[in-house]
Amino acid sequence: MPLWLIPMLYTVASVTAGLILPRFEHAYFGGYTENISVGSALAFFSSVSSGMMALTGIVFAIAFVLVQFSALAYSPRLVIMFASSPTLFHTLGIFVATFLYSLAALVWTDRGNSGRVPLFSTLLVAILLIVSMTAFARLVQSLNDLQIHNVLQVIGTRGRSAIRMMFPLITDNAKVSPEAIEIPLNLGPPTQTLTHSGAPRAITRFDLDRLVRVAQSADAVVAIECGVGDTVVEDAILLRVYGATRKLPKQALTRAIHLATSRSFEQDPKYAIRLLVDIAIRALSAVQALDQIEDLLRRLGCRQLQGGYACDAAGKIRVTFPVPTWQDYLALAFDEIRLFGAASIQVDRRLRASLIGLSQTIAVDERRAAVQRYLDHLNLGIARSSFDDQDRATAQQEDRQGLGLSRRHERA
């Protein structure tokens, strides 16, 4: 459901309640009245309705702060994460509902000069006011989420969730599957090609089960040409179909590739690492960001990465798709931070601690060798840097705090 519909639903519900409940109360429960004066009740309802409008303005101000601060201090990619918070839209909806129903209660107070104050409507307005204050307090608390350690923790948590859902753990006796697969040979020319039409969109996920069923129905192989996280433009090739006995339905193929205006975490652990790297090189928080990056890489290192194919029940490959390799994850996680922090002793020390930690915890030989190559590259960069001998020796120490707690004084 689009987020803008949330306050609209609150509006419709409050208008409906304002038209029905006071009339029902007046017709069947007219004898139940609140023991306060009409003037006090009118003042109460007027204050609540006018106060809700003021709080609504504050909500927009907080939203502006969230968006601007996250874009300028961290990364423009984070804007969508803060601006699309359901809490913000629910709070706005609660304020609107309280405003509208307090107006309805105001209209039905002293109806026909009866001198009566409706009991249930008064209680409902009071309850809505309490809920509004609770929602407002929670919204103000969300400003605390802008602290750097909270932002990094939220991104890391989403990345860990994606890794846990997508990649199974490597068991002791399990063989590590290949991290990429080529399209099988001798398939001949493609029988069908699907291209993107429209504005640029980011690929958020693939419905592989749907594609396998569609491909199996025509004894075909579907080769997806784009990867999760890619942005596709006009006429970009989405997939090719090989060996089909008939033309596959275009609508079914299109629905299997989910597009959105921005990337998501659902099938894209790279997105979490991408955001963390953005923060590291933009907000000068590389050491804190590397805490989360190292944790994500450790989890990836002990899991079966996708092989880039999906099979039917008989074990025949039906779908192939691009997947990142372990080397791709390492490049995304470390290359930019290493380059932007080349003149920082603190960044070099924290990078060394991350790489040594990975090499000690990863059991797959090929992955551990790739980490060692990165460590050798880091050593080479330090050796060629403009540091003097003392700074070079300091940069070659392992320190998980960057600067503050050296763990090793020899070159790893």
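The table below gives the values:
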quantity	calculated
Close pairs from region 138-153: first more than 18 Å from ASP291 (Cβ to Cβ), partner surrounded by 15 or more Cβ atoms within 10 Å (Cβ to Cβ) and among the β-branched types (Val, Ile, Thr), Cβ under 8 Å, at least 6 apart	ARG138/THR91; LEU139/VAL59; LEU139/ILE62; LEU139/THR91; VAL140/ILE62; SER142/ILE62; LEU143/ILE62
Single residue of region 57-81 satisfying the filter (open to solvent by less than 20 Å² (accessible area, probe 1.4 Å) and in contact with a Phe, Trp or Tyr (Cβ under 8 Å, 6 or more places away or on another chain)) that is modelled with the lowest pLDDT	SER70
Yes/no for LEU297 being open to solvent by less than 60 Å² (accessible area, probe 1.4 Å), under 24 Å from GLN147 (Cα atoms) and in contact (Cβ under 8 Å) with a residue 12 or more places away in the chain	yes
Count - residues of region 348-367 that are surrounded by fewer than 17 Cβ atoms within 10 Å (Cβ to Cβ) and part of a helix (DSSP H, G or I)	4
Residue selected from region 9-23 under the condition out of contact with any helix residue (DSSP H, G or I) (no Cβ under 9 Å at 6 or more places or on another chain) and open to solvent by 80 Å² or more (accessible area, probe 1.4 Å), by the criterion nearest to GLY115 (Cα to Cα)	ILE20
Checking SER114 against (1) of a type in the set (Ser, Thr, Tyr); (2) under 30 Å from PHE29 (Cβ atoms); (3) modelled with pLDDT of 85 or more, the condition it does not meet	(3)
Region 380-394, subset of a type in the set (S, T, N, Q) and open to solvent by 50 Å² or more (accessible area, probe 1.4 Å), residue nearest to the chain's Cα centre (by Cα)	SER386
Qualifying residue in region 273-293 (condition: over 22 Å from GLN401 (Cβ atoms), buried (at least 19 other Cβ atoms within 10 Å of the Cβ) and not hydroxyl-bearing (Ser, Thr, Tyr))	yes
Boolean, LEU330 is within 21 Å of GLY156 (Cα to Cα), in a helix (DSSP H, G or I) and touching a Phe, Trp or Tyr at 6+ places or on another chain (Cβ under 7 Å)	yes
Unmet criterion (only one of (1) outside any loop (DSSP other than H, G, I, E, B); (2) more than 30 Å from ILE257 (Cα to Cα); (3) out of contact with any Phe, Trp or Tyr (no Cβ under 9 Å at 6 or more places or on another chain)) for PHE387	(1)
Odd one out for GLY308, checked against (1) on the phi < 0 side of the Ramachandran plot; (2) open to solvent by less than 60 Å² (accessible area, probe 1.4 Å)	(1)
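For (1) part of a helix (DSSP H, G or I); (2) in contact (Cβ under 8 Å) with a residue 24 or more places away in the chain, each residue gets a yes or a no:
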residue	(1), (2)
GLY30	no, yes
PHE45	yes, yes
SER50	yes, no
ALA61	yes, no
PHE64	yes, no
LEU78	yes, yes
THR87	yes, yes
HIS90	yes, yes
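The values are calculated or read from the model by the stated rules, or taken from the named source; none is laboratory data. What you see is a predicted model; the values in this text were computed from it and never measured. Every residue, glycine as well, gets a Cβ built from its backbone with ideal geometry; the counts of neighbours run over all protein chains shown. To get the accessible areas, we keep the full protein, side chains included, count just its heavy atoms, and leave off ligands, DNA and RNA. Shrake-Rupley method; radii C 1.70, N 1.55, O 1.52, S 1.80 Å.
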